[in-house]
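S.K.: Dropping a structure here in structure tokens format, bear with me for questions.
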Amino acid sequence: PDEQKAAEVSRQDEEEAAEKELREDDPQETEASILEDVIADGEENEAESAAAFGTCGTDLTWDFVDGAMTISGTGEMTDYDQKEGSSSPWYDYREQLTSVVIENGVTSIGEGAFNDCTNLTDVTIPDSVTSIGNYAFSACWSLQSVTIPDSVTSIGEGAFLNCSGLKR
């Protein structure tokens, strides 16, 4: 216990000395801005190795692990209109997202759901889906192919806008 306490004190002393050195190098650097940088770095690291989950419809859930997302449950996905300040709950993970599996039971892909997921390469859409919302996959530049089942009767405006990787 004494060795552990000594190591903690030593680490704290090193951190304080590093902060003091930063402030001396740049007198305008404040303790608050240093703390903000540390918090921001922690959030970035958290997003890079993220595992997250939540809801995206009355009876739908999403699960994100190591770049892969699964949408499961039954019913319609929530619409996300960024113009009105409503982005998907996984928006902070959009750059890490590489694949999406939408499971059978999901009936719609919400407006703006995967907008700006620039590294998304693979999407699985089941036969239960009947509609794809406006801008659902817009700006998914890395998306190279999507199989849209015959069950889809409605594809919204700009659903695949700026998906430059898609081939006809």
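What follows is calculated from the coordinates using simple rules that are stated; it is not laboratory data. Remember, it's a predicted structure, so these values are computed and weren't measured experimentally. Every residue, glycine as well, gets a Cβ built from its backbone with ideal geometry; the counts of neighbours run over all protein chains shown.
S.K.: If you add up the charges near A51, with Lys and Arg at +1 and Asp and Glu at -1, over every other residue whose beta carbon is less than 9 angstrom from its beta carbon, what do you get?
M.R.: -2
S.K.: Another question, then. For D150 and S128, compute 0.36 nm times the residue count separating them, minus their Cα-Cα distance, and round to one decimal in nm. Intermediate results must be reported in sequence, preceding the final value.
M.R.: Values: separation 22, 0.36 × 22 = 7.92 nm, distance 0.98 nm.
Extending this stretch completely gives an extra 6.9 nm.
S.K.: When the Cα atoms of region 73-168 are enclosed in a convex hull and the volume is divided per residue, what value in Å³ results?
M.R.: Working: hull volume 8.3 nm³, N = 96.
Looking at region 73-168, the number lands at 87 Å³ per residue.
S.K.: Report the local net charge at D116: Lys and Arg +1, Asp and Glu -1, summed over other residues whose C-beta lies under 11 Å from its C-beta.
M.R.: 0
S.K.: Going by amide H atoms built from the backbone, whose H comes under 5 Å of the H on C56, apart from near neighbours?
M.R.: So C56 has HN proximity to T61, W62.
S.K.: Pop out the Kirkwood hydrodynamic radius of region 52-91 from its pairwise C-alpha distances, inverse of mean 1/r, in Å to one decimal.
M.R.: This gives a value of 10.7 Å.
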